[in-house]
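The values are calculated or read from the model by the stated rules, or taken from the named source; none is laboratory data. Since the model is a prediction, treat every value here as computed from it, not as a measurement. Glycine also receives a Cβ, built like all others from the backbone with ideal geometry; neighbour counts cover every protein chain displayed. Side chains included, ligands, DNA and RNA excluded: accessible areas come from the protein's heavy atoms. Shrake-Rupley method; radii C 1.70, N 1.55, O 1.52, S 1.80 Å.
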Amino acid sequence: MIDDSATEELTQLIEGYRRFREKGWHPQRARWDRLREGQQPKVMVIACSDSRVDPAQIFDVDPGEIFVVRNVAALVPPFEVTTGRHGVSAALEFAVQVLRVKEVLVLGHGMCGGCHAALTQELRGAEPGKGGFVADWIALLDDAREEVVREFGTEGQAAARAMEFAGVRVSLQNLRTFPCVSELEGRGKLKLRGAFFAITDGILHLLDERTGRFHPA
Ligand SMILES: [Zn+2]
């Protein structure tokens, strides 16, 4: 039962949960039983927190198939041993060293608010809790932004898309600063990939790192 204090939002979530119990839980009991023993995903996906870009939905995968980290703008920070809570680094370490995933895929997306804020610098100087955490996080894109702004300026579709593409490249570059990642990649045990989902047309693009260009999958 949903009690009287239930909001419309919670009611929708619970209704969704009931559909899941019917269509996702009971029919797939064997899968859930196997997963109870442990997870063995082969792929880690780093995606944006944006509600429109759910990797499990885009790649149509079942539970247990992808290990996902989502954050503002799908960013990976560089390898750093400074104090602080390194959430992405912890997840990466777990995926690569413990789960031994074979691929790490960075999934950027169109209309990304984080990339837009990086481009416009609209949150620069904001206090923590009032935009400052986001500003500090997307400052990871500052160097890449300089190049984008030189070529495309700070406004318009071309600039936005260039910033979003650049974000994927920055994350790949930062992934390679982790010794465990670069070593496994060097030995051919780990593959890094860049991808981009354009939410305007629903088309997935893959990055060709040799040319630096994204092509429809
Ligand atoms: Zn985003």
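A few comments on the model shown:
- With respect to the conditions (1) within 15 Å of the ligand (Cβ to nearest atom); (2) on the phi > 0 side of the Ramachandran plot, R161 lacks only one, and its number is (2).
- L75 open to solvent by 10 Å² or more (accessible area, probe 1.4 Å), touching a residue at least 60 places away in the same chain (Cβ under 8 Å), in contact with a helix residue (DSSP H, G or I) (Cβ under 9 Å, 6 or more places away or on another chain) and among the aliphatic types (A, V, I, L, M): no
- Near pairs, Cβ below 8 angstrom, 6+ apart or cross-chain, from segment 114-133 (open to solvent by less than 70 Å² (accessible area, probe 1.4 Å)) to any residue that is hydrophobic (A, V, I, L, M, F, W, C) and assigned to a loop (DSSP other than H, G, I, E, B): G114/L75; A117/L123; G131/L123; G132/L123; G132/A126
- Segment 54-88 - residue that is of a type in the set (A, V, I, L, M) and away from the ligand (no atom under 16 Å from the Cβ) and, of those, nearest to H109 (Cα to Cα): A56
- Segment 20-46 residues that are over 28 Å from S171 (Cα atoms), paired with ones that are acidic (D, E) and surrounded by 10 or more Cβ atoms within 10 Å (Cβ to Cβ) (beta carbon under 8 Å, 6 or more apart): Q28/D62; R31/D62
- Across segment 42-53, not a single residue is classified as open to solvent by 50 Å² or more (accessible area, probe 1.4 Å), of a type outside the set (V, I, T), more than 16 Å from the ligand (Cβ to nearest atom) and modelled with pLDDT under 95.
- Residue within segment 150-165 that is more than 21 Å from S51 (Cα to Cα) and in contact (Cβ under 8 Å) with a residue 40 or more places away in the chain present: yes
- Residue count for segment 89-112, restricted to those that are β-branched (V, I, T), within 16 Å of the ligand (Cβ to nearest atom) and either open to solvent by 20 Å² or more (accessible area, probe 1.4 Å) or free of Cβ contacts under 8 Å to residues at least 24 places away in the same chain (or both): 0.
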